[in-house]
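The values are calculated or read from the model by the stated rules, or taken from the named source; none is laboratory data. In this text the structure is predicted, and so the values were computed from the model without any measurement. Ideal geometry is used to build each Cβ from the backbone, glycine not excepted, and the neighbour counts take in all protein chains shown. SASA here: full protein model, heavy atoms, side chains in, ligands and nucleic acids out. Shrake-Rupley method; radii C 1.70, N 1.55, O 1.52, S 1.80 Å.
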Amino acid sequence: FTAGRKFAQAALDINPAQADALMHLGAISFHYDWEFEKARELVEEGLALNPNLEMGLILAANIHLLKNEFEKALSCVDKAMEIDPLNIGLLMNAGDHLILQHRFGEAIQSLESALAIEPRFRPACLRLSFAYAFNDQPDKAKNCLEIARQVSGEDALFHEYRAIAEGRAGNRKRALDAANRLQQMADESGDVLPWSLARAWASAGKSDKAVDCLKQAFDSRSSSMPFLGMTPALDSIRSLPAVQDLMRKAGLP
């Protein structure tokens, strides 16, 4: 993101009214700097220049989420989808936002809409397994995981979402097996994100390991940290003092 910041700022130095460059800086401020007020200012400035910029609308939605302004967040996502109604990435983003709001039934509808356009769109399929799991529909969650496995095999994301689905269903042994497999992949390759490991370990009931991974995610400036206060996969450990301390350090409400 250092290069992205440099190029975006260079573009603004040439023309301060470039909405795209403002949005890129806003995304960096939000996801990596965790300077949420600065991100809000950049996004508002960018949307004033181009109110139909989809990236800006999704960023605005993220900022509203942090302030618990859930309806405003969905309004931004809805507007982005009105601009490009067949964009499966936007439909997936809508599903993400609904999952973060714990509105799992509505998330299922949005993610199913994305998969109706592209049935083998694996990122939406994995998220749908998450939504089904938290909507207490474990069989449908497993079906989604099986489709994801058929598309791209048993990679790290597969094991992360398998741990989440099995943990939610109360299958602690299977969740632990998935989390252990994910940890093994992390140890072998170093490519598994600490955030993914944290969600898997929390789902498997291993709170100490989950917290350790969250600390690593914090230290590595994980772009997912802004959502620490709301992702359902971490509900079981969010009240722990160590997690609350990370939220304070990251400037989260």
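Values computed for the structure shown
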| quantity | calculated |
| --- | --- |
| Residue, modelled with the highest pLDDT, within the stretch 60-107, restricted to residues that are farther than 26 Å from Glu37 by Cβ and not in a helix (DSSP H, G or I) | Arg103 |
| Residues satisfying the stated conditions in the stretch 112-145, i.e. open to solvent by 60 Å² or more (accessible area, probe 1.4 Å) and assigned to a helix (DSSP H, G or I) | Glu112, Ala116, Ile117, Asp139, Lys140, Lys142, Asn143 |
| Residue within the stretch 120-136 that is under 20 Å from Gly229 (Cα atoms) and of a type in the set (S, T, N, Q) present | yes |
| Single residue of the stretch 183-219 satisfying the filter (of a type outside the set (S, T, N, Q) and within 18 Å of Cys144 (Cβ to Cβ)) that is least open to solvent (accessible area, probe 1.4 Å) | Ala200 |
| Hits in the stretch 32-53 (condition: closer than 14 Å to Ser223 by Cα, part of a helix (DSSP H, G or I) and open to solvent by less than 40 Å² (accessible area, probe 1.4 Å)) | Asp33, Phe36, Ala39 |
| Ala94 being crowded, with 18+ Cβ neighbours inside 10 Å, closer than 28 Å to Ala17 by Cα and without any contact (Cβ under 8 Å) to a residue 24 or more places away in the chain | no |
| Residue match in the stretch 190-210 (condition: in contact (Cβ under 8 Å) with a residue 12 or more places away in the chain and at positive phi) | yes |
| Identity of the residue in the stretch 1-23, open to solvent by 20 Å² or more (accessible area, probe 1.4 Å) and either of a type in the set (D, E, K, R) or modelled with pLDDT of 90 or more (or both), that ends up farthest from Met247 (Cα to Cα) | Asp13 |
| Subset of the stretch 27-83 (residues that are of a type in the set (Gly, Ala, Ser) and in contact with a Gly (Cβ under 7 Å, 6 or more places away or on another chain)) | Ala39, Gly46, Gly56 |
| Filter pass, Leu246 being more than 16 Å from the chain's Cα centre (by Cα), over 26 Å from Leu98 (Cα atoms), in contact (Cβ under 8 Å) with a residue 24 or more places away in the chain and in a helix (DSSP H, G or I) | no |
| Residues being outside any helix (DSSP H, G or I) and either more than 22 Å from the chain's Cα centre (by Cα) or of a type outside the set (Val, Ile, Thr) (or both) - total across the stretch 167-217 | 9 |
| Residue check, Asn62 open to solvent by 50 Å² or more (accessible area, probe 1.4 Å) and touching a Pro at 6+ places or on another chain (Cβ under 9 Å) | no |
